[in-house]
Structures are given as C-alpha cells and as structure tokens.
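Beneath this line is the structure, given in structure tokens, with notes to follow.
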Amino acid sequence: MAEELTEYTGPATMEKITSLAKRRGFVFQSSEIYGGQNGAWDYGPMGIELKNRIAANWWKAMTQLHDEIVGLDAAILMHPRTWEASGHVENFTDPLVDCKKCKTRFRADMIPEENLANKTCPECGGELTDTRKFNLMFRTHIGPTEDNAGLIYLRPETAQGIYVNYKNIIQSNRMKIPFGIAQIGKAFRNEIVTKNFIFRTCEFEQMEMQYFVKPGTDVEWFNEWKKRRWAYYEKLGVKMDHLRWHQHGPDELAHYAKDAYDIQYLFPMGWRELEGIHNRTNYDLTRHTEYSGKDLQYIDQDNNNDRYIPFIIETSAGLTRTLLMLICDAYDEEKVADKGDADDWRTVLRFHPVVAPVTVAMLPLMKKDGLAELAQDIRNELKEDFATDYDQAGAIGRRYRRQDETGTPFCVTVDYQSKEDGTVTLRYRDSMEQIRVPRAELTEKIRQEIKAYKRK
Ligand code: GAP
C-alpha cells in the first residue's frame, strides 16, 4: 500500500483558490458591498453551474443507479419538537470561550491548550471566560409574535426531514427494506468561521442519504456504503492519494452514532473531513416514536409481518464542501512555453467533464468573413446536448487560457478550412492536443470523450 501523504504539496493555496473563485465567477463574498457577511457566500455563474452538476452527479449515483433509493425535498423549517427528539436541542453544541477584552469568540478545542489553561486570549492576551456550551442551531420565530410559542429552528442537517417522512415514503412508494431516501438541501449552523474560504460556513448545502436496514444487518450495510462512497470519488477522477479514512473515536462520535468514519481530503490547509458515513442505529426513529407518539415500526410483510424499528446507515457529504474540494483537486499550474514571460504558465482546472461548469467553448478564429456566424450556428447545435460558452474576444491563446482557468474540457474553433471542408478543431484542455473533426460528428465525438474521460 502506498504511504499516506502527510502534507499538501500541490500548487494550490487557499489564497489562490479564493482569488480564482472570485475572478472567474465561482464564489463571491456574501453582501460584499456592505463589507461581507461572515459565514455566508454567493455562488456566481460558474459556481452555480459547478454546484448544480455536482448535485446532479450525486443524485444520479444515489437514485438513478440504485433502484431502491428514492428522493425527497423536505422543508427547512420543521416542527420544533423534531429537534428535541433528535437530540439537537440538548447535544448539538460546541464548547466556546470569549475574550473579555477584545470580545473575540473561540471554539475551546481550536485554541492552544496553554491559552485555555491560563485563560488568556490567543489574539490580545486578555482574559478568557470559562468554557460554555453553545448550541449551533439558528433560532427564529414563526408567526407575528416573538415568543416561545413561535420558536423555530433552521435545520442543522437535512437528515431529520427524511426520518419524519419515512412512513409516508414507505406507503406512497411501496418501499421494502433495505431502501434509501436521498436529499440535497440547505442546512444552517451558527459556527465560528474565520478562515478557509467556504470550507466551514453558517449556511451550506448537504447531500445526504439515509439507508433503512434490518437490525443486525447494519454493520454489513455500513461497510458496503463505505465502499460505495469511496468508489464514487474514484469514478469522479479525484486524486485518490488525497483521500483517506478517519474513524471517529469515542469522544468524537455524534450523540446518535454507534460507528462513524469520515472520508477526509488533503486540502491545501491539511487533511479535513469531506463526508461522514454513520451508523445511526435506530436512535432517530426510536426518539421520533417517543416524541410524536406515532408508531414508526416497519412491518415486514415478507416475514410474517415482523415489526421492528429499522437501523439507519447515513452517508452525509457537504455539497459546498465538495465544490471546494473539487476546485482544489482540479487546480494545476503548468509550464507550457519557455519565452520567459507570464504567458509561459497556465492555470488549469482539470475538472471531470461531468462536473465542469462549461463543457464546450466555441471560439471562432476570427470575427470576420462569416466565421463568427458559423461558430454561433455550431454552438446552437451543441447547446441541445452540452453546457456551452462562446468567446470571440482577443487572441485565441488568451481565450484558451480563460477556458482552462474555468476548467472547460473542450474548446472548438472554426477557421477558414471549416468553411471549405466542414471540419472544426477540437482542443483538449488537459493535453492541449488539437484534432480536426467533421462538424457532423462533433456532438458524438464529445459525448464519447466525456464517457471515456480518465484523469491523467
Ligand atoms: N447528518 C449528519 C451530519 O450532518 P456532519 O458530519 O455534521 O453530519 C456532514 O456533516 C457533512 O456536512 C460534513 O462532512 C461536511 O461535508 C458538511 N458540513 C458540516 N458542517 C458544515 C459547515 N459548517 N459548512 C460546510 N459544510 C459542512
């Protein structure tokens, strides 16, 4: 087995990633004109395309490729009893300390031990408060009055929307155990956020799948889902030596989990959690039975109407965190010439074509002599099958570089020869190789290339 990497040695830094993300319209600071809103980010034209494609790819892997997994889109606002039952009101806390002088708030487990021991602020040396438990759920009020009767939470995980609907889905879709329910949606946590761009935010998106199994088969299914989620990243072309497993120790396990493994990714700032796979046992459904008074047992009609509360295996990935991971993973700087100027280097995002924000960019060699019109015409044809872009501004080399920076895997140029023999040039982002393809075969050629894509 290859030795595990200890630190990130690639060309990316979080500063470069943040700057490219803004420059190329992936991610902007929220409310930037007012000085920004901590913990929240906006996804620009490239960012939303990338996010939608990651979501679609995960959705396909979960639902289309698994007959026994169906989807759900539950509300963010749920009955407040949900969060008492789930244990979040009681247990979903971080240990926090405040500096009495500079008023900075820290997570107690994130500051040096000596500061905690002698109660001094790591920023200004002022006195720290005692450690307090701080609940991470955002609270608000529903209805016209701001009293306790209207207290409501923004969901801190999407999972609970699945649990409270599990009986509805069994009944409406005749699901039989084992089966899964997948959901993508926003979640909110009142986190202390200071650095690392969109890695940890207060508003984020999750892609969660809850798999309902017979008690006693949970360990087997837990291992099976670990395998499937690992294979998912492999298929997506992620650098596999940048992924590893981390098993939660007893003091890391969430209140609902019997066993949990994180898939960690080696980001420029080090190894960090990307996704969690959890054996949540029958904890959540048992608690919802207790708090709602509803019978949430499964009736096994194939086995003498046996009744039991299913165990749940959860796979939980951050969508926005996956987006950051894929940008870091795709980021490359490559020397492509030796003229001694800035153009010798290109920055390229080597996204898998299934997630790249733009699949094909159409670039006419010249605007004149009908080449722009021809290029537009071909682009209109490609639009039906692919996300396309069109760029006729500036030298062709510069235009290729712009597309490389947003990770467009294929560029198509039309030139004078195109007018004569109906061929176009197809340029590959990764190798920069160019081949001529008859216009009539272009769509099929690109389709085949996407299917056969392997990251070098
Ligand atoms: N339902 C289980 C659950 O929520 P979690 O480990 O707290 O488990 C799952 O979160 C995933 O959600 C994480 O692996 C991460 O990718 C993402 N995530 C959690 N908190 C986040 C935050 N504050 N900002 C961005 N992503 C976050």
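No value in this document is a laboratory result; all are computed from the given coordinates. Not measured: the values here are computed from a predicted model. All Cβ positions, even for glycine, are placed from backbone atoms using ideal geometry, and neighbour counts span all protein chains on display.
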Task: Pairwise label distance in nanometres, residue 16 with residue 147, each label 7 Å out on the Cα-Cβ vector - done: 5.9 nm
Task: Per DSSP, loop trypsin sites (Lys or Arg not before Pro) in region 112-191 with at most 11 further Cβ within 10 Å - done: 174
- [ ] Mind checking which lysines have their Cα closer than 22 Å to the Cα of residue 445? Skip sequence neighbours fewer than 8 apart in that chain.
- [x] 235, 383, 419, 454, 456
- [ ] Return the loop-located trypsin sites (Lys or Arg not before Pro) in region 311-399 (DSSP other than H, G, I, E, B) with at most 13 other Cβ atoms within 10 Å of their own Cβ; answer none if there are none.
- [x] 339, 367, 368
Open item on the list: Over the Cα atoms, compute the radius of gyration (one decimal) and Dmax (the largest Cα-Cα distance, rounded to a whole number) for the chain, in Å.
Closed with: 25.4, 80
Task: Candidates per trypsin sites (Lys or Arg not before Pro) in region 199-296, loop by DSSP, up to 11 other Cβ within 10 Å - done: 294
Task: For region 410-456, alpha-carbon Rg and Dmax in angstrom - done: 11.2, 35
Open item on the list: Quick check: convex hull over the Cα atoms of region 324-394, volume per residue in Å³, rounded to an integer?
Closed with: 110 Å³
- [ ] Extending each Cα 7 Å along its Cβ direction at residue 239 and residue 456, get the distance between those two points in nm, one decimal.
- [x] 1.6 nm
Open item on the list: Quick query: amide H of residue 71 versus all other amide H atoms, modeled in the peptide plane; which residues come in under 5 Å with a sequence gap of 5 or more or a different chain?
Closed with: 182
Open item on the list: Can you work out the Karplus-derived ³J(HN,Hα) for every residue in region 398-411? Use 6.51 cos²θ - 1.76 cosθ + 1.60 with θ = phi - 60°, whole Hz, and x for glycine or proline.
Closed with: 5, 5, 4, 4, 4, 5, 4, 5, 9, x, 6, x, 9, 10
- [ ] List, in order, the whole-Hz ³J(HN,Hα) value for each residue of region 281-297 obtained from phi through the Karplus relation with A = 6.51, B = -1.76, C = 1.60 and θ = phi - 60°; use x for Gly and Pro.
- [x] 6, 9, 3, 5, 5, 5, 5, 5, 4, 4, 7, 9, x, 9, 7, 9, 6
TODO: May I ask you to list the residues of region 66-86 whose amide nitrogen lies under 17 Å from a point 7 Å from Cα along the Cα→beta-carbon direction of residue 294?
DONE: 72-86
Task: lysines whose Cα lies under 17 Å from that of residue 101, excluding same-chain neighbours fewer than 8 positions away - done: 119
- [ ] Restricting things to alpha carbons, tell me how big region 319-456 is in terms of Rg and Dmax, in Å.
- [x] 15.1, 48
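Holding the Cα-Cα limit at 22 Å, pick out from 195/258; 195/227; 167/214 the pairs that are longer than that.
Details: 195/258 31 Å; 195/227 32 Å; 167/214 15 Å.
Checking Cα-Cα distances, 195/258; 195/227 exceed 22 Å.
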TODO: Tell me what the chain gives for mean residue ellipticity at 222 nm when only DSSP H runs of n ≥ 4 count, each as -39,500 (n - 2.57), the sum divided by the residue total, rounded to 500 deg cm²/dmol.
DONE: -8500 deg cm²/dmol
Task: ³J(HN,Hα), Karplus 6.51/-1.76/1.60, whole Hz, each residue of region 442-448, x for Gly, Pro - done: 5, 4, 5, 4, 5, 4, 5
Task: Theoretical gain in end-to-end length, residue 42 to residue 421 [0.36 nm per residue, Cα-Cα removed] - done: 131.9 nm
Open item on the list: If the reach is capped at under 18 angstrom between alpha carbons, list the aspartates and glutamates near residue 103, excluding any in the same chain fewer than eight residues apart.
Closed with: 94, 123, 127, 130, 191
TODO: Give the cysteines in the chain for which no other Cys Cβ lies under 4.7 Å away, or write none if there are none.
DONE: 202, 328, 411
Open item on the list: Which of the three applies to region 87-137, rounded, prolate or oblate, going by the alpha-carbon gyration tensor with a ≥ b ≥ c and a/c under 1.5 meaning rounded?
Closed with: prolate
Open item on the list: List residues of region 352-373, by number, whose backbone nitrogen lies under 17 Å from a label position 7 Å along Cα→C-beta of residue 343.
Closed with: 365-366
Open item on the list: I need the semi-axes of the equivalent ellipsoid of region 148-261: take the C-alpha gyration tensor, multiply each eigenvalue by 5, square-root it, list largest first in whole angstrom.
Closed with: 25, 24, 15
Open item on the list: Suppose R0 equals 56 Å. What FRET efficiency, 1/(1 + (r/R0)^6) with r the Cβ-Cβ distance, do residue 449 and residue 100 give to the nearest 0.05?
Closed with: 0.40
Open item on the list: Would region 34-110 count as rounded, prolate or oblate if I go by the C-alpha gyration tensor, calling it rounded below 1.5 in a/c and otherwise prolate when a/b exceeds b/c, oblate otherwise?
Closed with: oblate
